[in-house]
1. What's the total number of residues in the stretch A:1-19 that are among the polar types (S, T, N, Q) and surrounded by 15 or more Cβ atoms within 10 Å (Cβ to Cβ)?
2. Filter the stretch B:41-56 down to the residues that are at the interface with another protein chain (Cβ under 9 Å from one of its Cβ atoms) and either in a loop (DSSP other than H, G, I, E, B) or not β-branched (V, I, T) (or both) and list them by number.
3. So which strands (runs of 3 or more DSSP E) stay within the stretch A:53-114 end to end and still have 1 or more residues that are closer than 28 Å to A:I15 by Cβ?
4. Sort out which residues of the stretch B:67-104 are free of Cβ contacts under 8 Å to residues at least 60 places away in the same chain, on the phi < 0 side of the Ramachandran plot and within 14 Å of another protein chain (Cβ to nearest Cβ), and write them in order of number.
5. Sort through B:R58, B:R22 and tell me the only one that's more than 21 Å from B:S91 (Cβ to Cβ) and not small (G, A, S).
6. Do we have B:S28 as touching a residue at least 24 places away in the same chain (Cβ under 8 Å), buried (at least 18 other Cβ atoms within 10 Å of the Cβ) and not in a strand (DSSP E or B) here?
7. A:Q25 is checked against (1) more than 10 Å from chain B (Cβ to nearest Cβ); (2) farther than 20 Å from A:E102 by Cβ and fails just one. What number does that condition carry?
8. Within the stretch A:66-114, can you find the residues that are away from chain B (no Cβ under 14 Å) and small (G, A, S)?
Amino acid sequence: NAGVTQTPKFRILKIGQSMTLQCTQDMNHNYMYWYRQDPGMGLKLIYYSVGAGITDKGEVPNGYNVSRSTTEDFPLRLELAAPSQTSVYFCASSYSVGGSYEQYFGPGTRLTVT
Amino acid sequence: GIQVEQSPPDLILQEGANSTLRCNFSDSVNNLQWFHQNPWGQLINLFYIPSGTKQNGRLSATTVATERYSLLYISSSQTTDSGVYFCAAFSWRFGAGTRLTVKP
C-alpha cells in the first residue's frame, strides 16, 4: 500500500492565483483531514470528511474549499491565494473502528505565495 | 475549546540520555496519538494510546485519561531521535510540540 499520497510536493503561487492540492489514500479509510503547519508551530485542522459526500470545517477553513466524491480522494482548493496561506499542508486519513481514529499522514505539500 | 499543552518546548540531550515528554489536555479524551516529525518534515506515527501504556523498543507512552495527561518516554536517546514530537487529542487538536535535539 502507498498509504497517503500528496501532490505536488512543492509549489509557488502568485497572489490571487488558485490551485488544488491533491490527496489520495489507498487504505479504505472513511475519515480524511487537511491540516496546515506554519513554521515552528503545530498542525491546525482546515477541513475534514467522515465519508464520501460529507465534509465539515475545522479550525481554520477560511480561504479553502474541499470536496469528497470518492473514498480515496480528498482535494483541497485554494481560491485567490494570499501570503498568509504560505505553509506546509498535510493530508491524513483514519479508519473509525470502535472509537479508534488513528491517523496516518501524507508527506506534505510546501506552498509559498508571493 | 479543547486545549493541548506540551512540555518542555525544547529539550537538548546528550546521546544515551533518557527523557520524558508531557502532554496535558483540557478535557476527557478518547483519542490520543504521539507523532515524531523528523528533520525532513515527515510525520511518523509513534503511538495511538487513548489510555494505558504501550512500548515500542526504546520508546514507551502512558496515558492517564482521568488525570488528563500523557507521557512519552525515550530511553538511551540517539541522534536519529532528533526532531519535533507532537501529541494530538481528539484526533485533530495538536499541541505545539517538543523540539528534541540529541547531540553525539
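Just so it is clear, none of the values below were taken in a lab; they were calculated from the coordinates. A quick note: this is a predicted structure, and the numbers were derived from the prediction, not measured. Here the Cβ is made from the backbone with ideal geometry for all residues, glycine too, and neighbour counts use every protein chain on show.
1. As a first pass, look at the stretch A:1-19 and keep what is among the polar types (S, T, N, Q): A:1, A:5-7, A:17-18.
Checking the rest, the ones that are also surrounded by 15 or more Cβ atoms within 10 Å (Cβ to Cβ) come to A:6.
So the answer is 1.
2. Here is the first cut: in the stretch B:41-56, the ones at the interface with another protein chain (Cβ under 9 Å from one of its Cβ atoms) are B:41-45, B:48, B:50.
Within the stretch B:41-56, B:G41, B:Q42, B:L43, B:N45, B:Y48, B:P50 meet the criteria.
3. Numbers: elements: A:54-57, A:64-66, A:76-78, A:87-94, A:103-105, A:109-113.
In the stretch A:53-114, A:54-57, A:64-66, A:76-78, A:87-94, A:109-113 are the strands (runs of 3 or more DSSP E) which contain 1 or more residues that are closer than 28 Å to A:I15 by Cβ.
4. Once the filter is applied, which keeps residues that are free of Cβ contacts under 8 Å to residues at least 60 places away in the same chain, on the phi < 0 side of the Ramachandran plot and within 14 Å of another protein chain (Cβ to nearest Cβ), the stretch B:67-104 yields B:V84, B:W92.
5. Details: B:R22 fails: more than 21 Å from B:S91 (Cβ to Cβ).
Answer to the check: B:R58.
6. Details: touching a residue at least 24 places away in the same chain (Cβ under 8 Å): yes; buried (at least 18 other Cβ atoms within 10 Å of the Cβ): no; not in a strand (DSSP E or B): yes.
No: the conditions fail for B:S28.
7. A:Q25 satisfies every listed condition except (2).
8. Of the residues in the stretch A:66-114, the ones away from chain B (no Cβ under 14 Å) are A:66-86, A:112-114.
A:S67, A:S69, A:A81, A:A82, A:S84, listed by residue number.
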